[in-house]
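**Q** I am attaching a structure below and will ask some questions about it afterwards.
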Amino acid sequence: MFVSDNMPPTHKHPRFTMKRTVKTLGVLTAAMFLLVVTGAGSALANTLVFYARIAKLYTQAPNSKIKMPVEDVTKREVANTWGAPRSGGRTHEGQDIFAPKGTKVLSATNGYIYKIGENNLGGQTVSVISSGGRIYYYAHLDSYAPGIKVGDPVTTRSLLGFVGTTGNAQGTPPHLHFGVYTFGYSDAINPLPLITDRTAPTAVPAVTRTPPQRDPRIAGRVRAS
């Protein structure tokens, strides 16, 4: 059939268009109701908020100093094991901080819990993302702090877990493997230069020297001479 270019476009019947619109709205309403009932809508909203917070962290300068992540341990007690050889041709991408089993592991920075999980090398682990998008990795945990979950905000006083020997640390003295990554988990940097003690060293009181007292009899003779 020949169709002229001058023929007007075909219009759909208004009743058909209205029927499709009502049907589409009905499907959307049902989907929204399902999201609310199942909690999926709330979970989606929380996920979007979490990633918005992470995006904001990337705009901030990375921390130049961080807190010691293991309670009651000082920086001078940590032997520098960065880059030490490990099994399978690996090198050590972090610092091992030794402490009794069950010692508190605290967040070294402010930020958000980025990941909680278990793997063959690290055992039970927690990752925190902080300023500059850096990820702080806490491994070999004996157990997690009660109730923590991905997306939780943390400060340098937040409990993440407890020192242990999970993962490939079994058979070694209890310790925390602490790693810092600048871009995802691909680029590790040495955490030790960044770490500062949680408690400042006890200040030694300055010794006040008392000026020597001159014998008044000598002083009198000096004045009289």
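The values are calculated or read from the model by the stated rules, or taken from the named source; none is laboratory data. These figures come from a predicted structure and were not determined experimentally. FYI the Cβ positions are ideal-geometry reconstructions off the backbone, even for glycines, and counts take in every protein chain you see. Heads up: the accessible areas ignore ligands, DNA and RNA and are worked out on the full protein's heavy atoms, side chains in. Shrake-Rupley method; radii C 1.70, N 1.55, O 1.52, S 1.80 Å.
**Q** Determine whether segment 37-49 contains at least one residue that is modelled with pLDDT under 90, among the aliphatic types (A, V, I, L, M) and in a loop (DSSP other than H, G, I, E, B). Break it down stepwise before answering.
**A** Taking segment 37-49 as the starting set, the residues that turn out to be modelled with pLDDT under 90 are 37-49.
Now drop any that are not among the aliphatic types (A, V, I, L, M), which leaves 37, 40, 43-45, 48-49.
Imposing the further condition that a residue be in a loop (DSSP other than H, G, I, E, B) reduces the set to none.
So far as segment 37-49 goes, no, none of its residues is modelled with pLDDT under 90, among the aliphatic types (A, V, I, L, M) and in a loop (DSSP other than H, G, I, E, B).
**Q** In segment 61-114, what residues are in a loop (DSSP other than H, G, I, E, B), in contact with an Asp or Glu (Cβ under 7 Å, 6 or more places away or on another chain) and of a type in the set (D, E, K, R)?
**A** Lys101, the sole residue that qualifies.
**Q** Just wondering, is there one or more residues in segment 182-195 that are without any contact (Cβ under 8 Å) to a residue 12 or more places away in the chain and assigned to a loop (DSSP other than H, G, I, E, B)?
**A** Looking through segment 182-195, at least one residue is without any contact (Cβ under 8 Å) to a residue 12 or more places away in the chain and assigned to a loop (DSSP other than H, G, I, E, B).
**Q** Assess whether Gly117 counts as being assigned to a strand (DSSP E or B), surrounded by fewer than 19 Cβ atoms within 10 Å (Cβ to Cβ) and touching a Ser or Thr at 6+ places or on another chain (Cβ under 8 Å). Even if it seems obvious, please write down each step before you answer.
**A** On the way: assigned to a strand (DSSP E or B): yes; surrounded by fewer than 19 Cβ atoms within 10 Å (Cβ to Cβ): yes; touching a Ser or Thr at 6+ places or on another chain (Cβ under 8 Å): yes.
Yes.
**Q** Pairs only if they're at least six apart or on different chains, beta carbon under 7 angstrom, first in segment 79-107 and more than 21 Å from Asn120 (Cβ to Cβ) and in contact (Cβ under 8 Å) with a residue 24 or more places away in the chain, second loosely packed, with under 12 Cβ neighbours inside 10 Å and of a type outside the set (Val, Ile, Thr); list them, first residue then second.
**A** If the second residue must be loosely packed, with under 12 Cβ neighbours inside 10 Å and of a type outside the set (Val, Ile, Thr), the pairs left are Leu106/Arg157.
Per-residue answers, yes or no, for (1) open to solvent by less than 20 Å² (accessible area, probe 1.4 Å); (2) touching a helix residue (DSSP H, G or I) at 6+ places or on another chain (Cβ under 6 Å); (3) on the phi < 0 side of the Ramachandran plot:
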| site | (1), (2), (3) |
| --- | --- |
| Arg90 | no, no, yes |
| Leu121 | no, yes, yes |
| Tyr136 | yes, no, yes |
| Ala139 | yes, no, yes |
| Ala145 | yes, no, yes |
| Ile148 | no, no, yes |
| Asp152 | no, no, yes |
| Thr156 | no, no, yes |
| Gly164 | yes, no, yes |
